[in-house]
Amino acid sequence: MIRKAVRAGGFEAAGFNAGLPLELSDKVELLKLASSDGYAPANVYLYDIMKGHPEFDTGNSIKLLKDALLRGCGSEDLVSYYESKLPKINTIDDIRTLSDEDHNNLYYAYYSLIMNGLGSPFKFKTYRWVMDKKNKVQIELFSQKDKKEIEEKAKKFLDKVKPNMFFDESTSVHGLLGAG
């Protein structure tokens, strides 16, 4: 029944199967179909499966989240992904020794702004609390110029891509089952 619903355009059924039995490999297959047909939440579901089941990871899991974002469906996982790539920042010296790649991973701030624009409670946090000899101090990760550039870039993105919650009663498995 779930396969039939997904193939008929009821993509939500691929991610939410109302307790109907479905093997994980079948769910992945249906989510890939829904994703290829433009249903962005399927990308987020696929990412979550890949994170928990490496046997399904195709090596492009972060691309799934970026594609979902381009379709107006964000995931906090994208922000967390870039944040997790940063080394531990405990002291001012840690910030001074960030590599170019580490600086690129600071883009979590850009994605947090986009997520905020898509309705997420993520905050645009541009600082870290670090130790300076004896005291805990707040240190900015970006210059004012960098912050402004990030904010402008996020605004341009959000001008083009609008939030899309992909709500559609015709794609609800409950509707297909007559449960509401």
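Summary table
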read-out	value
Proximal charge balance of Asn116 [Cβ under 12 Å; K/R count +1, D/E count -1]	+1
By average C-beta atoms within 10 angstrom, highest first, the peptides 70-76, 146-152	70-76, 146-152
Relative contact order for the range 51-158, counting Cα pairs under 8 Å that sit 6 or more residues apart, in percent	22 percent
Sequence of Tyr111, Tyr81 from largest to smallest accessible area, 1.4 Å probe	Tyr81, Tyr111
Solvent-accessible ranking of Ile139, Ile89, largest area first, probe 1.4 Å	Ile139, Ile89
Heavy atoms of Thr91: accessible area, 1.4 Å probe, square angstrom to 10	50 Å²
Long-range amide H partners of Thr91 with built H, under 5 Å	Met131
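The values are calculated or read from the model by the stated rules, or taken from the named source; none is laboratory data. Bear in mind the structure is a predicted one, so any value in this text is a computation, not a measurement. Cβ coordinates were reconstructed from backbone atoms using ideal geometry, including for glycine residues, and neighbour counts include every protein chain displayed. All accessible areas refer to the heavy atoms of the entire protein, side chains included, with ligands and DNA or RNA removed. Shrake-Rupley method; radii C 1.70, N 1.55, O 1.52, S 1.80 Å.
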